[in-house]
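Report on the structure given below.
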Amino acid sequence: GGHRAPTDCHFFFQVLNNNNIAELPSGIGRLSMLEQLTLSNNNLSHIPESIGYLRRLQILLVNNNSLESLPETIGGGLALQELGCKKKKL
């Protein structure tokens, strides 16, 4: 298994590029102060629906992961300005 992203801190900016993260815990939605989440170049196959609870999230970068789709809850907060989700090249 891969690593899990931490959810126990109140970060405004969480940069976790190149960390071999395989999953985000559903508790990610509790990081209510989060404005930028950068998870590019990991091994994520999905993003939990709870990401929609991040109402302050302005930038979400998940480039070069193994994502098949994004949850419909993304963009529920009006703050989202930038979404990067280019697919990993095989």
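The values are calculated or read from the model by the stated rules, or taken from the named source; none is laboratory data. The structure displayed is predicted, hence computed values, not measured ones. With ideal geometry, Cβ positions are generated from the backbone for all residues, glycine too; neighbour counts draw on all protein chains shown. The protein model used for the area step is the full one, side chains on, heavy atoms only, and it has no ligands, DNA or RNA in it. Shrake-Rupley method; radii C 1.70, N 1.55, O 1.52, S 1.80 Å.
Residues being part of a loop (DSSP other than H, G, I, E, B) and either open to solvent by 10 Å² or more (accessible area, probe 1.4 Å) or farther than 21 Å from residue 79 by Cβ (or both): count how many of those fall in region 25-39.
Here is the first cut: in region 25-39, the residues part of a loop (DSSP other than H, G, I, E, B) are 25, 31-35, 39.
Okay, now just the ones that are also either open to solvent by 10 Å² or more (accessible area, probe 1.4 Å) or farther than 21 Å from residue 79 by Cβ (or both), so 25, 32-33, 35.
Qualifying residue count for the region: 4.
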Self-check item: Selection within region 40-90 - surrounded by fewer than 14 Cβ atoms within 10 Å (Cβ to Cβ) and touching a Ser or Thr at 6+ places or on another chain (Cβ under 6 Å)
Solution: 45, 66
Exercise. For residues that are in a loop (DSSP other than H, G, I, E, B) and open to solvent by 90 Å² or more (accessible area, probe 1.4 Å), scanning just region 4-24, find the one that is modelled with the highest pLDDT.
Key: 18
Practice problem: Would you tally the residues in region 40-53 being part of a loop (DSSP other than H, G, I, E, B) and within 10 Å of the chain's Cα centre (by Cα)? | Solution: 5
Quiz item: How many of the residues making up region 47-84 are in contact (Cβ under 8 Å) with a residue 24 or more places away in the chain and more than 16 Å from residue 17 (Cα to Cα)?
Solution: 17
Quiz prompt | Conditions (1) of a type in the set (S, T, N, Q); (2) touching a strand residue (DSSP E or B) at 6+ places or on another chain (Cβ under 9 Å); (3) at pLDDT 90 or above; number of the one not met by residue 50 | solution = (2)
Quiz item: So which residues in region 56-71 are at pLDDT 90 or above and of a type in the set (D, E, K, R)?
Solution: 56
